[in-house]
Amino acid sequence: TTTEAFPLLRAEKKKIAPDMVVWTAGIKPGSLETIPAISRPEGFFVVDAFLRVKDSGRVFHNVYAAGDCALITNPDGTFVPQLAQAAAEEGGFVAKNILAAINDRQQRIFAFKRKGFILPIGKGTAIASIKGFVFDGFFAWWLNRTIYLMNMPTFKHKLKVAWIWTAGLFMKRKI
């Protein structure tokens, strides 16, 4: 079993050093030549409901994909959009499923539900649709900035971005 192969990983608080980490950013999957045996329609890894890579009916139980490289279908048959909001949720979900597999627990099925969107359209203005509420103007712009800052990884990053944004309010735009 998995826990016999990795007896020290039973504790959930232990950090696991991966053998390989692949990171990509963008709006389409990058080329990855390290797994040539798996077909990738349009460059995507096809995954099952647990976000494990599958190919021709075969599921690779120890290979997961999330974000722009994964072609994910919700339980209702809709495709998960290639958005940062979805990718962040997928990444955390994959981590929990890997931990469940290591500890011989049941993995969960992934289902993405969009929380909403905010589109900044200029200095001090944006449009937003969040959980059925649609609004625009300064409040939508402020909410966009607030949510963005909340998702920055460290306090140092938050402070730096907030400083740059604040300075930008008092400067002319560079063309």
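The values are calculated or read from the model by the stated rules, or taken from the named source; none is laboratory data. The structure displayed is predicted, hence computed values, not measured ones. Backbone-built Cβ (ideal geometry, glycine too); neighbour counts: all protein chains shown. When the accessible area is computed, the model is the full protein with side chains, heavy atoms only, and any ligands, DNA or RNA have been set aside. Shrake-Rupley method; radii C 1.70, N 1.55, O 1.52, S 1.80 Å.
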Open item on the list: Any residue at all in region 81-90 that's closer than 21 Å to Asp19 by Cα and modelled with pLDDT of 90 or more?
Closed with: yes
Task: Long-range neighbours under 7 Å by Cβ, at least six apart or interchain, first residue touching a residue at least 40 places away in the same chain (Cβ under 8 Å) within region 57-68, second outside any loop (DSSP other than H, G, I, E, B) - done: His61/Arg52; Gly67/Ala87; Gly67/Glu90; Gly67/Gly91; Asp68/Ala87
- [ ] Output the qualifying pairs, or none if there are none: Cβ atoms under 7 angstrom, residues six or more apart or on different chains, first residue in region 153-175 and without any contact (Cβ under 8 Å) to a residue 60 or more places away in the chain and open to solvent by less than 100 Å² (accessible area, probe 1.4 Å), second residue charged (D, E, K, R) and assigned to a helix (DSSP H, G or I).
- [x] Trp165/Arg145
Open item on the list: For the list (1) open to solvent by less than 100 Å² (accessible area, probe 1.4 Å); (2) in contact (Cβ under 8 Å) with a residue 24 or more places away in the chain; (3) not in a helix (DSSP H, G or I), I need the number of the one condition that Ile147 fails.
Closed with: (3)
- [ ] Output the number of the condition that Phe133 fails; it satisfies all remaining conditions of (1) more than 20 Å from Pro81 (Cα to Cα); (2) open to solvent by less than 100 Å² (accessible area, probe 1.4 Å); (3) without any contact (Cβ under 8 Å) to a residue 24 or more places away in the chain; (4) out of contact with any Lys or Arg (no Cβ under 7 Å at 6 or more places or on another chain).
- [x] (2)
Task: Checking Ala17 against (1) part of a loop (DSSP other than H, G, I, E, B); (2) of a type outside the set (Ser, Thr, Tyr); (3) surrounded by fewer than 11 Cβ atoms within 10 Å (Cβ to Cβ); (4) at pLDDT below 65, the condition it does not meet - done: (4)
Open item on the list: Whether any residue in region 83-93 is hydrophobic (A, V, I, L, M, F, W, C), touching a residue at least 12 places away in the same chain (Cβ under 8 Å) and either over 23 Å from Tyr148 (Cα atoms) or touching a Phe, Trp or Tyr at 6+ places or on another chain (Cβ under 7 Å) (or both) is what I want to check.
Closed with: yes
Task: Members of region 113-140 that are of a type outside the set (A, V, I, L, M) and either touching a Pro at 6+ places or on another chain (Cβ under 8 Å) or part of a helix (DSSP H, G or I) (or both) - done: Arg114, Phe138, Phe139
- [ ] Give me a count of the residues in region 80-110 that are under 27 Å from Ala140 (Cα atoms), among the hydrophobic types (A, V, I, L, M, F, W, C) and open to solvent by 30 Å² or more (accessible area, probe 1.4 Å).
- [x] 4
